[in-house]
1. Working only with C-alpha atoms, what are the Rg and Dmax values of segment 42-143, expressed in angstrom?
2. Need the full-extension length gain, V349 to N23, defined as separation in residues times 0.36 nm minus the C-alpha distance. One decimal, nm.
3. Which entries in the list K229/K318; K156/K408; K93/K193; K193/K293; K63/K408; K284/K408 go over 26 Å, if you measure between the two C-alpha atoms of each?
4. Hey, rough spin-label estimate for L198 and K63, points 7 angstrom out along Cα→Cβ, what's it come to in nanometres?
5. Which order do peptides 294-303, 202-211 fall in by mean Cβ count within 10 Å, highest first?
6. For each of M125, M368, count neighbouring Cβ atoms within 10 Å of the residue's Cβ, then give the residues from fewest to most.
7. Looking at segment 291-442 from every direction and averaging, what is the projected area of its Cα convex hull in nm²?
8. Using θ = phi - 60° and the Karplus form 6.51 cos²θ - 1.76 cosθ + 1.60, what ³J(HN,Hα) does each residue of segment 304-318 get, whole Hz, x for Gly and Pro?
Amino acid sequence: MADTKTVEPGPSGAVKTSQEFENATYRKVTAHILPFLMLCYIVAYLDRVNVGFAKLQMLGDLKFSETVYGLGAGIFFWGYFFFEVPSNIIMHKVGARVWIARIMITWGIISALTVLVRTPIQFYMVRFALGVAEAGFFPGVILYLTYWFPSHRRAKMVGAFMVGIPMAGLIGGPLSGFIMSLTHGLGGWPGWKWMFILEALPAGVVGIACILYLNSRVRDSKWLTEEEKQVVERDIAAEAQQKQVHPSLLALFADPRLWLMAWIYFCCVIGQYALTLWMPTLIKAAGVTSVAKIGLVTMIPYGCCAIAMVVLGASADKRRERRWHVAAPMMIGSVALVLAMIVGGTNIVLAVLLLSIAAAGIIPSAPMFWALPTSFLAGSAAAAGIAAINSVANLAGFVSPAIVGWLKDLTHTNLIPMIVIASVVVAGALTVLALPKAMVNK
């Protein structure tokens, strides 16, 4: 006999729905919003990390040191830090449709303005401005997913959404490499300038599409039937009743769990950006010299990462287990990252294999992480809490390239900075394993 559940009475009266109908409803929701959000994230991540490819030509053209590049690449996250919480609170009030569109259009414009950079100060300014423009996008989408999916379905959705990271690498690596190779010297401009211009255009186009396509809330959707809306609203309401409601923002920020989550995510992010911002440099150090070929080789680690994200997300939801799905990939990826540095100059095949394991371990830990704080944050506290965790933790995006750049200038090797990064990632994994099971396994 089919499993049945009673949906709360709505305008059309009480409705009986089967588990199959509920699953079909969430498949419909997933099919409608997830591909579009993934597209947004691919565009976002491409504009954030294409500076890693620009570095291959930019440093020589502008006479920047590794330290200048590392500081400039990372100062982006100070813009995030200062503007992420207010951005998410605004989105909670005005709706995702308009606010995500605003974010995407403004960051596309600022990313294109990178072509005007001449001095280190100008580089720092445009990177900071890009962080301000993009602030709120990622935590806004995480918050948006809490409106549509209950906790026990969310890890898979966040993991699928964040496949945008490796997809941006799969698409952006070869694209950036070929743009820089084919356009170098065109119109008197170096290839890295053409790359910033051409890769900024999709942000504006997709931003306009947000206004036409997204619905801010379940009740606003015209593509769900009334019965389907009731299924989703029932599940979200039932989950909200189980969460502790913080009476004020002050109470939220006084909750030690919030800052513990920020530390854990800091450790995830510091490894993630060490990989994404330095991946082209690490592959070049392994013996691949052509910019176009470097772009193609980056597809391998990012492809492995995409597969790992989907598999880990599905496994975490199926088993309702969170801690080991975050911690184990972090530890495995950290070991692989250090080993890749050790063998990098001697065996290109082994180096790429180890970088693939590192990417498949470290980068998927971020989407797996978001099942932890969203298991106890609710309502307006979720809007502010998610943004606070992300903004503080994303300072790792500043610390990571700054430390790597400084240590590389100091030691003239990739090994020492990557050992430091890997140690921080492992510390975060051990913190995850120390969390009480009842706190996060939902």
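1. Over segment 42-143's Cα set, Rg and Dmax evaluate to 14.2, 46 Å.
2. On the way: separation 326, 0.36 × 326 = 117.36 nm, distance 4.26 nm.
Separation in residues times 0.36 nm, less the Cα-Cα distance, equals 113.1 nm.
3. Working: K229/K318 24 Å; K156/K408 37 Å; K93/K193 38 Å; K193/K293 19 Å; K63/K408 17 Å; K284/K408 15 Å.
With Cα atoms farther than 26 Å apart: K156/K408; K93/K193.
4. In this crude label model, L198 to K63 measures out at 2.9 nm.
5. Values: 294-303: 22.2, 202-211: 17.8.
So the peptides 294-303, 202-211, ranked by packing, come out 294-303, 202-211.
6. On the way: M125 15, M368 29.
Arranged by neighbour count, lowest to highest, M125, M368 become M125, M368.
7. On the way: hull surface 40.1 nm².
Computing the convex hull of the Cα atoms and averaging its projections yields 10.0 nm².
8. After applying 6.51 cos²θ - 1.76 cosθ + 1.60, I find 4, 5, 4, 5, 4, 4, 5, 5, 5, x, 5, 5, 4, 5, 5 Hz.
No value in this document is a laboratory result; all are computed from the given coordinates. Keep in mind that this is a model prediction, so the values were computed, not measured. Please note: Cβ atoms are built from the backbone with ideal geometry, for glycine as well, and neighbour counts cover all protein chains shown.
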